[in-house]
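The values are calculated or read from the model by the stated rules, or taken from the named source; none is laboratory data. In this text the structure is predicted, and so the values were computed from the model without any measurement. Note that each Cβ is placed from the backbone with ideal geometry, even for glycine, and that neighbours are counted across all protein chains shown.
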């Protein structure tokens with residue numbers, strides 16, 4: 001091949017690669033915009049069963065998203081079944097505690113805001129490429145974009161990930177997002193802490209009813225330390241199932257009655273929605 005032909009071939013390859021990356025980024029950008037709009041417009045409320053495992057605690061519980069704040073009916077804590085009277089007592093205590101409700105609302109709002117901010121940086125924080133398509137789903141690979149300047153610590157950790165995302169092309173919705181921390185993330189040059197490379201996260205989402213998607217599984221395993229003695233690890237496996245839609249005007253007292261109608265054993269409850277479980 002002549003020198004001129006070699007340059008032409010290289011130019012065509014570079015242009016094609018850039019177009020492919022740009023197309024992949026546009027797909028991600030459209031999905032992010034759809035998710036942000038849907039989050040603002042989705043006013044559906046749900047009741048579901050949740051299993052949440054962390055290194056220092058584990059909880060199995062029914063959750064009802066009431067009008068003002070969600071109500072939990074804990075049926076098992078750290079491997080021990082809670083007697084019925086204690087389940088009722090804990091719910092009643094929460095219903096009668098405005099400060100606890102306020103704290104929970106504030107925490108939920110913070111989580112929602114942080115999730116939205118991380119969503120917004122997705123297109124630019126990574127270099128995207130299309131890995132394959134199957135049916136209505138498209139699988140994309142992402143790797144850190146060296147030109148991206150993370151605005152905060154959460155974004156720094158997020159932007160140090162490499163992994164894949166699956167998008168439903170018909171609705172432009174994110175179905176799965178999986179990543180692995182490919183380098184250590186130091187806090188204040190390592191003086192205040194460090195997150196170790198190799199940590200992983202996995203978020204699974206499903207369509208519960210037409211146009212309504214919810215997170216059904218979250219698995220986060222990131223290890224590190226801060227100030228030598230304090231851990232800043234994030235290790236959690238959270239799985240939600242047995243979804244049932246409830247009225248958005250449901251009060252806490254009504255939510256309590258709904259939760260008490262359910263069996264403490266979710267296996268005795270019929271699946272409330274056609275969600276594919278893994």
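Can you tell me which residue within the range 174-196, out of those that are more than 30 Å from residue 245 (Cα to Cα) and at pLDDT 90 or above, is surrounded by the most Cβ atoms within 10 Å (Cβ to Cβ)?
Among those residues, the one meeting the criterion is 181.
Quick one: what pairs do we get from the range 220-249, first residue on the phi > 0 side of the Ramachandran plot and surrounded by 13 or more Cβ atoms within 10 Å (Cβ to Cβ), second assigned to a strand (DSSP E or B) and modelled with pLDDT of 85 or more, C-beta under 7 Å, 6+ apart or different chains?
What qualifies is 242/48; 242/49.
Would you list the strands (runs of 3 or more DSSP E) that sit entirely within the range 68-173 and hold 3 or more residues that are in contact with a helix residue (DSSP H, G or I) (Cβ under 7 Å, 6 or more places away or on another chain) and surrounded by fewer than 16 Cβ atoms within 10 Å (Cβ to Cβ)?
Details: elements: 70-77, 126-134, 137-144, 161-168.
Filter on the range 68-173 gives an empty set.
Hey, among 24, 9, which residue is more than 19 Å from residue 263 (Cβ to Cβ), crowded, with 18+ Cβ neighbours inside 10 Å and modelled with pLDDT under 95? Let's see the steps before the verdict.
Values: 9 fails: crowded, with 18+ Cβ neighbours inside 10 Å.
Only one candidate qualifies: 24.
Taking the condition at pLDDT 95 or above, touching a strand residue (DSSP E or B) at 6+ places or on another chain (Cβ under 9 Å) and farther than 20 Å from residue 54 by Cα, does residue 250 pass? Lay out the reasoning, then the answer.
Details: at pLDDT 95 or above: yes; touching a strand residue (DSSP E or B) at 6+ places or on another chain (Cβ under 9 Å): yes; farther than 20 Å from residue 54 by Cα: yes.
Spelling it out, residue 250 is indeed at pLDDT 95 or above, touching a strand residue (DSSP E or B) at 6+ places or on another chain (Cβ under 9 Å) and farther than 20 Å from residue 54 by Cα.
Taking interchain pairs and intrachain pairs at least six residues apart, which have beta carbon atoms under 6 angstrom, with the first residue in the range 41-56 and surrounded by fewer than 16 Cβ atoms within 10 Å (Cβ to Cβ) and the second not in a strand (DSSP E or B)?
Short answer, once both residue conditions are applied: 43/248.
Would you confirm, using the coordinates I've provided, whether residue 202 is within 21 Å of the chain's Cα centre (by Cα), closer than 18 Å to residue 33 by Cβ and surrounded by 15 or more Cβ atoms within 10 Å (Cβ to Cβ)? Before the answer, list the steps.
Numbers: within 21 Å of the chain's Cα centre (by Cα): yes; closer than 18 Å to residue 33 by Cβ: no; surrounded by 15 or more Cβ atoms within 10 Å (Cβ to Cβ): yes.
No; evaluated as a whole, the condition is false for this residue.
Considering the range 121-160 alone, what residues qualify as being within 20 Å of the chain's Cα centre (by Cα) and within 18 Å of residue 172 (Cα to Cα)?
121, 122, 123, 124, 128, 137, 138, 139, 140, 141, 142
I want to confirm something. Restricting to the range 224-242 and keeping residues that are under 18 Å from the mean Cα position of the chain (by Cα) and under 16 Å from residue 195 (Cα atoms), which single residue is modelled with the highest pLDDT?
Selected residue: 236.
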